[in-house]
1. So which helices of the chain fit the span-like rule, where a helix is a whole DSSP H run, its Cα atoms reach 15 Å or more along the axis, and its mean Kyte-Doolittle is at least -1.0?
2. With each pseudo-label sitting 7 Å past Cα toward Cβ, what's the Glu92-Ala162 distance in nm, one decimal?
3. Report Rg(Cα)/(2.2 N^0.38 Å) for segment 58-139, keeping two decimals.
4. Per the 1.4 Å probe, what fraction of the accessible area of the chain, in percent, lies on carbon and sulfur atoms?
5. Can you give me the convex hull volume of the Cα atoms of segment 6-179, divided per residue and expressed in Å³?
6. Once label points are set 7 Å from the Cα along Cα→Cβ at both His15 and Ser178, what is their separation, rounded to one decimal in nm?
7. Go ahead and collect, in residue order, the members of segment 93-129 whose backbone nitrogen is under 14 Å from a label point 7 Å along the Cα-Cβ direction of Lys169.
8. What's the magnitude of the charge dipole for segment 6-179 around its Cα centre, counting Lys and Arg as +1 and Asp and Glu as -1 at the beta-carbon? Answer in Debye, nearest 20.
Amino acid sequence: MAVLPIRITGDPVLHSPAREVTEFDDELRTLVAEMFDTMREAPGVGLAAPQVGVPLRVFVYNWTDDNETLWRGVAINPELWITPTPIGEPDEENESEGCLSVPGERFPLRRSPLATLRAIDLEQKPFEIKAEGWLARIFQHEFDHLEGVLYSDRLDYDHAKASRKTIRKRNWGVPGLSWLPGEDHLEE
Ligand code: ZN
């Protein structure tokens with residue numbers, strides 16, 4: 001098992017669009033295996049390659065829904081279609097989201113309830129998943145990472161203010177910071 005350091009908000013790789021994958025080689029296989037290890041150790045329900053410092057359009061996800069169905073896989077060069085985001089205030093309890101690149105924090109954010117993911121896997125085989133609820137949220141969150149967007153960039157005014165304050169207080173928001181799952185235990 002190899003766990004990779006996770007970049008913290010402020011690192012340029014998190015704030016720039018990632019590149020399409022063109023080489024389906026052993027290096028890519030190793031990256032994906034290590035991303036699964038890192039996601040498990042963190043622990044998280046999704047992880048995008050830019051979060052481990054690799055500017056490629058790849059994310060992994062691992063989430064069990066209310067019906068005990070396990071949704072686990074890798075999405076390479078994904079496309080995402082979403083339904084409109086409902087208007088209104090996000091609910092603190094049911095719509096709070098976190099990110100391993102803003103570790104230990106959660107803020108509420110409205111997301112589209114439905115998302116269709118189309119991507120290819122490591123064998124370059126195309127697949128499609130029509131996601132709803134939390135899985136749709138995971139796909140939107142991870143897809144954003146590939147565009148250089150963090151969920152903290154999408155928060156509404158009051159929550160954006162609170163998240164900026166937290167990021168300043170923790171001395172994040174600058175290049176070069178990371179944490180290592182299993183080694184670094186961040187204070188809640
Ligand atoms: Zn994230």
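1. Helices meeting the criterion: 26-41, 133-146.
2. 0.6 nm
3. Output field value: 1.16.
4. Carbon-and-sulfur percentage of accessible area, whole number: 49.
5. In segment 6-179, the Cα convex hull volume per residue is 113 Å³.
6. Rounded to a tenth, the inter-label distance reads 1.9 nm.
7. Within reach of a label on Lys169, which here means backbone N under 14 Å from a point 7 Å along Cα→Cβ, segment 93-129 contributes 103-107.
8. It comes to approximately 640 debye.
The values are calculated or read from the model by the stated rules, or taken from the named source; none is laboratory data. Here the structure is a predicted model, which is why all the values come from computation and not from measurement. With ideal geometry, Cβ positions are generated from the backbone for all residues, glycine too; neighbour counts draw on all protein chains shown. When the accessible area is computed, the model is the full protein with side chains, heavy atoms only, and any ligands, DNA or RNA have been set aside. Shrake-Rupley method; radii C 1.70, N 1.55, O 1.52, S 1.80 Å.
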